[in-house]
1. Right, residue 304: under 30 Å from residue 219 (Cα atoms) and touching a Lys or Arg at 6+ places or on another chain (Cβ under 8 Å) or not?
2. In segment 294-319, what residues are under 29 Å from residue 271 (Cα atoms) and of a type in the set (Gly, Ala, Ser)?
3. Which residue, of 187, 157, 122, is within 30 Å of residue 383 (Cα to Cα), of a type in the set (Ser, Thr, Tyr) and in contact with a Phe, Trp or Tyr (Cβ under 7 Å, 6 or more places away or on another chain)?
4. Within the bounds of segment 172-194, is there any residue that is in a helix (DSSP H, G or I) and surrounded by 15 or more Cβ atoms within 10 Å (Cβ to Cβ)?
5. May I ask you to list the residues in segment 179-215 that are under 26 Å from residue 115 (Cα atoms) and away from ligand 1 (no atom under 16 Å from the Cβ)?
6. Which residues, counting only those in segment 360-379, are part of a helix (DSSP H, G or I) and of a type in the set (Gly, Ala, Ser)?
7. Against the definition (part of a loop (DSSP other than H, G, I, E, B), among the acidic types (Asp, Glu), over 30 Å from residue 386 (Cβ atoms) and open to solvent by 60 Å² or more (accessible area, probe 1.4 Å)), how does residue 197 come out, yes or no?
8. Testing residue 315 on (1) aromatic (Phe, Trp, Tyr); (2) surrounded by fewer than 20 Cβ atoms within 10 Å (Cβ to Cβ); (3) in contact (Cβ under 8 Å) with a residue 24 or more places away in the chain, one condition comes back false. Which one is that?
Amino acid sequence: MKLKRILKKEAKLKRIKRFSALIFLLVFIIIILRSLLPSRHKRNKLDEPTKEIEETLPVIEPELPTTVDTHENSNYDIYLSENWHKHSGEIKKTLSEAKVLDIEPMKDFLLRNKKQAIFSGSVFKVTLEGGIQAVFKTTSDGKMVRDRMEETAYDFSVYTNLAYVPPTVHRTLECDFNKNGHVQKKSGFLSLFVDTEFDLLKYTKEKFYALLSKISEDELCNYKTFNFVFGNWDVGPHNVLVAKDGTKENPHYHLIAIDNEGMANLQKVQYGKVPFVRWLTCPGAGRNVRDFPFDQAKTSDKASRQAIANRFNQWPPGRKHNYSLFGGAYWTQYTDFWWGAESNTTDLLYPERLTETAKEKLKNLTKENLLALIAQSNDITDFMKARVDGFIERRDMLFKHFSIT
Ligand SMILES: Nc1ncnc2c1ncn2[C@@H]1O[C@H](COP(=O)(O)OP(=O)(O)OP(=O)(O)O)[C@@H](O)[C@H]1O
Ligand SMILES: [Mg+2]
């Protein structure tokens, strides 16, 4: 009986020992595991290499509103149209030199901002160093003259003070234009981006003209004068922006002329009518066109379109229009305007009167000073000389119309 009790006691002791050893083992395993796993506090801390990378990354600033000029040397608002004429040299320098930080197709930008995106060209929205917002447009066929004409249009606007054209320079960019990892080099022109709340392509003609009536009469007259003299014939809601500044109580509206490359087309005009624009040429077509046969213009039809396509190797516009074959070229009286031929915007080419600014500036226009202005961004070729002859011819026509001597 005694032995039985002793054996029972020993068995109990053994069980206790085994249990203690198990507990000890468990505690030991837990201690080992804890030392291997980083503590909660430790996990939230950056390990050294990661910290180094984070410190070298640039601090991302919130996107700046486009109406604030962030260019370090400027103490004026670069987006205010009235500053474009005052600070032209500096703004052009910025546009020529600032690095591109971001670029995307203009259509993507407009659609994302719930705006109409109706245009045919290769246009991109650009963010430059310092947050400056710009627009880059490139011509696929490499017609550099047209790109440079856009810069010249801006220089004309500054020189004459007759219109607001966004500051523009010609420039070559090497970028991932379509954000698809494919870097390309493209030449074109870079203009300042004009932020506008008015999506004119949604407007009816009535609504468009109602908005234009908010622009000062002088500014509107000067804009029309500018278009007429420099041959900016492709006018309408598709090639103009309306900028609003001033205060809430006293807002100012300004017309901003974009897409001014129509100036590069030779054209002939009878005052008050739709211009004839030289559209298709055969090799050797002359530029010095005199005595344009306005009264012999014909109306296009299927047969004449086919004949023109055969002769010039290119189709003329599809819409019914007046045309003239003259001086080895096909000239179209282009009437395919935004709201249709019957509702055209030709009136934007003909001022109701000449303002004092216009009179003074236009009197001082000479072939020499126009060529000097053009030479700032273009080669002076026969092409350019022929355009200048056209500018002077239309200036003289305007003076004659308003009996200014
Ligand atoms: N300076 C600018 N500021 C703001 N938006 C601009 C500017 N220039 C162009 N845009 C935008 O890009 C669009 C296309 O520009 P633009 O008219 O110059 O191109 P386009 O392809 O030559 O036009 P079109 O089809 O008339 O030939 C405009 O409708 C406008 O929305
Ligand atoms: Mg356009």
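1. no
2. First pass over segment 294-319, keeping only residues under 29 Å from residue 271 (Cα atoms): 294-301, 304-305, 308, 312, 315-319.
Within segment 294-319, 297, 300, 304, 318 qualify.
3. Values: 187 fails: in contact with a Phe, Trp or Tyr (Cβ under 7 Å, 6 or more places away or on another chain); 122 fails: in contact with a Phe, Trp or Tyr (Cβ under 7 Å, 6 or more places away or on another chain).
157 is the lone residue from the list that is within 30 Å of residue 383 (Cα to Cα), of a type in the set (Ser, Thr, Tyr) and in contact with a Phe, Trp or Tyr (Cβ under 7 Å, 6 or more places away or on another chain).
4. No.
5. Passing the criteria: 179, 180, 204, 205, 206, 207, 209, 210, 212, 213, 214, 215.
6. Across segment 360-379, the qualifying residue is only 372.
7. Criteria met by residue 197.
8. Of everything listed in (1) aromatic (Phe, Trp, Tyr); (2) surrounded by fewer than 20 Cβ atoms within 10 Å (Cβ to Cβ); (3) in contact (Cβ under 8 Å) with a residue 24 or more places away in the chain, residue 315 misses just condition (3).
The values are calculated or read from the model by the stated rules, or taken from the named source; none is laboratory data. Predicted model only: the values in this text are computed from it and were never measured. Don't worry about glycine lacking a Cβ; one is built from the backbone with ideal geometry, like all the others, and counts go over all protein chains shown. Quick note on the areas: whole protein, heavy atoms, side chains included, nothing else; ligands and nucleic acids left out. Shrake-Rupley method; radii C 1.70, N 1.55, O 1.52, S 1.80 Å.
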